[in-house]
1. Could you tell me how many of the residues in region 52-87 are of a type outside the set (S, T, N, Q) and surrounded by fewer than 12 Cβ atoms within 10 Å (Cβ to Cβ)?
2. Just to check your reading of the model, which residue among ALA54, ALA74 is farther than 16 Å from ASN115 by Cβ, in contact with a strand residue (DSSP E or B) (Cβ under 9 Å, 6 or more places away or on another chain) and among the aliphatic types (A, V, I, L, M)?
3. Out of (1) modelled with pLDDT under 95; (2) surrounded by 15 or more Cβ atoms within 10 Å (Cβ to Cβ), what's the single condition that is false for ALA45?
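The values are calculated or read from the model by the stated rules, or taken from the named source; none is laboratory data. Note that this is a predicted model, so its numbers are computed, not measured. Reconstructed Cβ throughout: ideal geometry from the backbone, glycine too, with neighbour counts over all protein chains shown.
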Amino acid sequence: MASSVPVTSTAHGQLIDNEHIYQEKIVLAGTAMAFDFGEQRIGVAVGEHIVAQAQALTSIDHESNNVRFNRITALIAEWQPKLLLVGLPLNLAGEETEVTQLCKKFARRLNGRFNLPVMLIDERYSSVEASQLLKQAGIKGRAQKTHLDQVAAQTILQSYFDSI
């Protein structure tokens, strides 16, 4: 399925910017919000470009797209990000999967609904890294479930910050 939203490759990821509103100077002085998209849950993290430090924020655990986007709307209103990042799930060979297509659809919806630039970031190993971070914090096994997606979003955002 072809997208009508243009995707531009950058040094940090693929940029979805339908209205051509991405302005590097404004983005780099503001807040970034990252999403670890999943069919069951969406992890959310936030961080400021100036300090380049990501923090896990929350997980949205609901199947209804209306509920998901209402929660995202509230988070965007509260944090006022200048850039949204979405972890792009690829297989280990770097190839797209069915979930990749759902994730891209989610990213296009974010761009269209909030008129904010959205950057797709390779998220391979983000869940593994998140699990390791949680283990280091003393959270193991099933107890990780409620935190894993938001910490994965944090690792996605931190990898972006580390790349700039």
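1. Let us first name the residues in region 52-87 that are of a type outside the set (S, T, N, Q), namely 52, 54, 56-57, 60-63, 67-69, 71-72, 74-79, 81-87.
If we keep only those that are surrounded by fewer than 12 Cβ atoms within 10 Å (Cβ to Cβ) as well, we get 63, 74, 77-78.
Qualifying residue count for the region: 4.
2. Numbers: ALA74 fails: in contact with a strand residue (DSSP E or B) (Cβ under 9 Å, 6 or more places away or on another chain).
Residue meeting the stated conditions: ALA54.
3. Looking at each condition in turn, ALA45 falls short on (1).
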